[in-house]
Amino acid sequence: MDNEKELAQTLLQQVITKIKAEISRLDDQIPYIPVEGQYSDMGKKDIVWWTNGFWPGLLWLLYQQTHDEIFRQCAEKCEMRLDSAFDKFIGLHHDVGFMWQLSAVADYRLTDNERSQARGLHAATLLAGRYNPRGKFIRSWNHDRAGWVIIDSMMNISILYWAAQELNDPRFKFIATDHADTVMNNLVRPDGSVAHIGVFDPNTGQLLETLGGQGYETGSSWSRGQAWAIYGFALSYRHTKNNDYLNTAKRVANYFIANIVETNYIPLVDFRAPQHPRLFDTSAGLCAACGLLEIARQVPKYERDFYYQAGFRIIKAVASEYLDLDPNTDGIVKGGAGAYHDNNHNVKLIYSDFYFIEALLGLLSSDFLIW
Ligand code: GLY
């Protein structure tokens, strides 16, 4: 067994033990950020919160790996709870992909559950309904932001590629690729860095400005946004085989790698923030690592090792300093950050745990395409 697989196997066993302990404490509650080592129920606080699919998603990853019913039963309970989010139409957003791709679509792919298929198609239809045909983009968020597009959206359009295939209806794919093209041409900069937010005129589709969003400032480089771009464009390439998407994923990946070497493969929250304070975000690293492993699967052999090794170095760096594998406390990956200017720094985020587990399975070559 080579080094990566040995490390991934050892960590995965510890993760499985810990997640089982978390399930016994949570039952059908949906976790987000533990406070003093304990999760509370995000499902109760805000059922349409964008991260509510990551817990069932990681449970499906572990179910696929172990076939242990404990993971399936807990994931099913959370998926059913998410049904009430469909009633809050006004509160739903472009993150319906994160919410139902990782819960219902994963369930359907693994179990053929027809109710889950319907939930996934419902979510895909809601996302498609956010399409602006003038600007050729899917609007993000709600309220008075009809022309706003954020880079995170690139991780949500997988549900459209899935729906196109499921219904044999290319409209969903047209919307996904129009959106990906608009993001590629307006948010990704020539040097491989990415703006978090693009503000378009919703009537003409013209780009008005870009904003720093969850990063430091306009023109800066929020690392999780860069990670969403790496993985999102790599996935769009997988679903379309359009080389422009793979080249974009590689351009952002090369930029990302250049920016983490100096910090030992743990990304700063924003690559263009002032040197002090030094704020880090492990979630950006792990999402990027999954994207780098995906690029490694798609590129010719002579480039594969570069992306694979960069992904592995991030996973190893997180594993060596940022893990809590104690089954008695909630949350696995430490060192996450919500946004540069908010109070959630150095926290455990449910999506960090999701991407960590996906990354371990990626190293073991035994993941299934949840995206
Ligand atoms: N807006 C989703 C995120 O925090 O990455």
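The values are calculated or read from the model by the stated rules, or taken from the named source; none is laboratory data. Computed from a prediction, not measured in an experiment: that's the story for all the values here. Methodologically, a virtual Cβ is constructed for each residue, glycine included, from the backbone with ideal geometry; neighbour enumeration extends over all protein chains shown. SASA here: full protein model, heavy atoms, side chains in, ligands and nucleic acids out. Shrake-Rupley method; radii C 1.70, N 1.55, O 1.52, S 1.80 Å.
Observations on the model:
- Candidate set from region 266-279 (those that are open to solvent by less than 30 Å² (accessible area, probe 1.4 Å) and of a type in the set (A, V, I, L, M)); member that is farthest from the chain's Cα centre (by Cα): ALA273
- Within the option set THR248, THR282, THR263, being modelled with pLDDT of 95 or more, over 18 Å from the mean Cα position of the chain (by Cα) and not hydrophobic (A, V, I, L, M, F, W, C) holds for one residue only, THR263.
- In this structure, SER223 does satisfy being at pLDDT 95 or above, within 16 Å of the ligand (Cβ to nearest atom), polar (S, T, N, Q) and closer than 15 Å to PHE256 by Cβ.
- Qualifying residue in region 151-174 (condition: more than 21 Å from ILE230 (Cα to Cα), within 16 Å of the ligand (Cβ to nearest atom), out of contact with any His (no Cβ under 7 Å at 6 or more places or on another chain) and not in a helix (DSSP H, G or I)): no
- Unique residue being within 24 Å of ASP152 (Cα to Cα) and open to solvent by 50 Å² or more (accessible area, probe 1.4 Å) when the list is ARG130, ARG134: ARG134
- Among the residues listed as GLY198, GLY213, the single one being within 16 Å of the ligand (Cβ to nearest atom) and either more than 26 Å from ALA337 (Cβ to Cβ) or not in a loop (DSSP other than H, G, I, E, B) (or both): GLY198
- Selection within region 119-150 - under 22 Å from the mean Cα position of the chain (by Cα), free of Cβ contacts under 8 Å to residues at least 60 places away in the same chain and away from the ligand (no atom under 16 Å from the Cβ): ARG119, GLY120, LEU121, HIS122, ALA123, ALA124, THR125, LEU126, ALA128, GLY129, TYR131
- The residues in region 36-59 that are open to solvent by 30 Å² or more (accessible area, probe 1.4 Å), within 12 Å of the chain's Cα centre (by Cα) and away from the ligand (no atom under 16 Å from the Cβ) can be counted, and the count is 0.
- Identity of the residue in region 345-365, in contact with a helix residue (DSSP H, G or I) (Cβ under 6 Å, 6 or more places away or on another chain) and outside any helix (DSSP H, G or I), that ends up least open to solvent (accessible area, probe 1.4 Å): LEU349
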